[in-house]
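The values are calculated or read from the model by the stated rules, or taken from the named source; none is laboratory data. Since we're looking at a predicted model, the values are computed, not measured. Glycine also receives a Cβ, built like all others from the backbone with ideal geometry; neighbour counts cover every protein chain displayed. Quick note on the areas: whole protein, heavy atoms, side chains included, nothing else; ligands and nucleic acids left out. Shrake-Rupley method; radii C 1.70, N 1.55, O 1.52, S 1.80 Å.
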Amino acid sequence: MKLKDRWLLNMLKGKSNKETLPNLLFDMTAKNPKAIKELINPLVSAGYDTKNIHLTWVLTNYLVAIDQNKTRDRVVPEDILLQTHEGAAETVWGVLTKSLPRGI
């Protein structure tokens, strides 16, 4: 089991009151839409209502991303940054139009 999965299960362990479930935010690329689906079942089992599970996409302006990239310890080549930026848009479009998991 991956670290993220273990973290989620431990975070939800012992939470039996739906009124006191923590608000959670998962920072993930969702490159594999299956990863989104894998989060939903434990959340629903813990008592989260699917109407309160949301997908939020945050995409930094590409020019801003280039400037921020220059100040990082690990600088990504600009052509790779562009591919990643475009890939993220394609992934989200695919999730929204083809594979939006039930429960979101």
If you roll a 1.4 Å probe over the heavy atoms of the protein chains, what accessible area per residue do you get for the chain, in Å²? 79 Å²
Of every hundred units of 1.4 Å-probe accessible area on the chain, the number belonging to carbon and sulfur atoms, as a percent, is 54 percent
Using the Cα centre of the stretch 12-73 as the reference point, and only Cβ charges (+1 on K/R, -1 on D/E), how large is the resulting charge dipole? Debye, rounded to the nearest 20. 180 debye
Just the accessible area for GLU38, please: 1.4 Å probe, Å², rounded to the nearest 10? 80 Å²
Are there any trypsin sites (Lys or Arg not before Pro) in the stretch 2-104 that are in a DSSP loop and have at most 16 other Cβ atoms within 10 Å? List them by number. LYS2, LYS13, LYS15, LYS31, ARG72, ARG74, LYS98, ARG102
Cα pair distances of the stretch 1-76 binned at 10 Å [whole percent]: 14, 39, 25, 18, 4
Given the pairs LYS18/LYS98; LYS15/LYS98; LYS13/LYS37; LYS15/LYS51, which span a C-alpha to C-alpha distance of over 29 angstrom in this model? LYS18/LYS98; LYS15/LYS98
